[in-house]
Amino acid sequence: MQVIENLKVREKVYIEKLENGLTVMIIPKKGIQKKYMIWGTHYGSNESSFIVPGEEEITNVPNGVAHFLEHKLFEQENGTNSLDVLTALGVDANAYTTNNHTAYLFEGTDNFYQAMDELMDYVQHPYFTEENVEKEKGIIGQEIMMYDDYPDWRVYLNAMQAMYHNNPVKIDIVGTIETIGKIDKEILYKCYHTFYNPSNMVMVLCGDFEPTELIEEVKKRLIDTKASGEIKRIYPEEPEEIVQERIEQKLEVSQPLYAIGIKDTKECDVKKHMAMEILLNLIIGRSSNLYKELYQEGTIYAQPSLEYEFTNIYAHALISGQSNDPEKVYEKLKKEIRRLKTEGIQEEAAERMKKMIYGGYVKEYNDVADVARMFLADFFKGINSFDYLEEIEGITVEYLEQILKDVFKEEKMILSIVKN
């Protein structure tokens, strides 16, 4: 078992790769009552073309299969729903699908091992029939129609479609009514057996655990499965330029919603990610001059959401919120970026922002759910979450100015608006 310690937050992560290829990560929290378990597979909505290990032909599946699978795994052959079983045990259970992974989880203080029994049982025993697949299409179809009318989701998805020509990040995670209509039990089983192999999965457990004992408990509950070979994932080529600068949709909203996107190259690491967070906050974060100006004149009412999203096939920054004049926010943002490029970044402001962001990362270690989900998501990006705490110290003003110049290009920026 590998042990990685970070003295800054006084935390350790115990990592063991089992014979079947499953990576187990345990983050002990002495004296903490809550326990958290999350089991994820490196399989999300991006994977619709791939070559199964041992095969030569490309497999193409409809959009939305990863999310469909997530829904179906709870349904058991004996007629029970595992979500109901977990709730009856007194734990808070859930699952989610992203662009690059799917995860199953629960959090609670009691009945941990009974809940682990149930979670590991349903994730390892899929049960699909023609009847239950058809029934699920109706349920997911309603979810799709609901999201079609959900302004926050539309402003985000429209931003993706304005930035990306071919990359699957532009596709709705749940698929469309048309694509889920093509899903059958054979497709679900093929995707399950391809992507739910232990060698494509990671399990993270956080709480008051003794790591060697917990590893044995995990092993006892694993079915006998051999590690598979590498899954060849096939993605379309993506041009560097954006699709269109502006995109607008009309929906019932009290105030217009906006999302400003900045398309980046897919080459990203921890240091660049941290630099992007610092820059976004310097430009339009709560303590920035631009935020104060926009807030005081009544153009915006709250701090915008600032995100830098990336995987191995895409990267972009997103600034989103509500405004009575999204165009003004967009134009003033571009003006502020130009000013910073010309005048440079002040050392004092950069150091203050580094401390704020560092504090935010440290705070995440106080919550078992935050820390477990962080380690899982970072694992699928090839990152050890401790690296963020180490890399931030080495970010200089010169590096920030280089990233500002390389990424914040006006020809790579888009504006998505949803308004009445």
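Which GluC sites (Glu not before Pro) in the range 279-333 sit in a loop by DSSP (not H, G, I, E or B) and have at most 16 other Cβ atoms within 10 Å of their own Cβ? Write out the running numbers ahead of the final one.
Details: sites: E293, E297, E307, E309, E327, E331; in loops: E297.
Sparse-neighbourhood loop GluC sites (Glu not before Pro): E297.
Determine the per residue accessible area of the range 46-100 with all protein chains present and a 1.4 angstrom probe, expressed in square angstrom. Write out the running numbers ahead of the final one.
Working: 2420 Å² over 55 residues.
The answer is 44 Å² per residue.
Considering the convex hull of the alpha carbon atoms of the range 264-379, report its projected area averaged over all viewing directions, in nm², one decimal. The directionally averaged projection comes out at 8.3 nm².
Ligands, DNA and RNA left out, the accessible area of the range 266-388 computed with a 1.4 Å probe is 46% carbon and sulfur. Only one residue of I139, V123, N99 has its Cα farthest out toward the positive end of the dipole of the range 94-151, where Lys and Arg carry +1 and Asp and Glu -1 on Cβ, and that residue is N99.
Projecting the Cα atoms of S323, F379, I357 onto the dipole axis of the range 305-379, where Lys and Arg carry +1 and Asp and Glu carry -1 at the beta carbon, places S323 farthest toward the positive end. Taking θ as phi - 60° and the Karplus parameters 6.51, -1.76 and 1.60, the scalar couplings of the range 355-363 work out to 5, 4, 5, 4, x, x, 5, 4, 4 Hz in sequence order, x denoting glycine and proline.
Between their Cα atoms, which of K35/K185; K381/K405; K12/K412; K35/K137 are more than 29 Å away from each other? Please report the intermediate quantities before stating the final value.
Details: K35/K185 34 Å; K381/K405 25 Å; K12/K412 40 Å; K35/K137 34 Å.
Those over the limit are K35/K185; K12/K412; K35/K137.
Each residue of the range 2-78 gets 205 Å³ once the volume of the Cα convex hull is shared out per residue.
Residues of the range 280-420: accessible area per residue at 1.4 Å, in Å²?
Details: 6460 Å² over 141 residues.
Per residue, the range 280-420 has an accessible area of 46 Å².
Think of the range 209-308 as a dipole: +1 on every Lys or Arg Cβ, -1 on every Asp or Glu Cβ, centred on the Cα centre; then among L214, I300, A275, L214 lies furthest on the positive end.
Please give me, ordered by residue number, the chymotrypsin sites (Phe, Trp or Tyr not before Pro) of the range 252-320 that lie in loop per DSSP and have at most 16 other Cβ atoms within 10 Å.
Numbers: sites: Y258, Y291, Y295, Y301, Y308, F310, Y314; in loops: Y301, Y314.
Sparse-neighbourhood loop chymotrypsin sites (Phe, Trp or Tyr not before Pro): Y301.
Pairs with C-alpha atoms separated by more than 25 Å, drawn from the list K363/K419; K271/K419; K263/K328; K30/K272; K266/K341; K190/K266, are K363/K419; K271/K419; K30/K272; K190/K266. Annotation: peptides 155-162, 283-290, ranked by per-residue average of other Cβ atoms within 10 Å with the highest first, follow the order 155-162, 283-290. The residues packed around N111, meaning those with a beta-carbon under 11 Å from its beta-carbon, carry a net charge of -2 if Lys and Arg are +1 and Asp and Glu are -1.
The values are calculated or read from the model by the stated rules, or taken from the named source; none is laboratory data. Predicted model, so just to flag it, every value in this text is computed and none were measured. Note: ideal-geometry Cβ built from the backbone for every residue, glycine included; neighbour counts use all protein chains shown. Areas reflect the complete protein model, heavy atoms only, side chains present, ligands, DNA and RNA absent. Shrake-Rupley method; radii C 1.70, N 1.55, O 1.52, S 1.80 Å.
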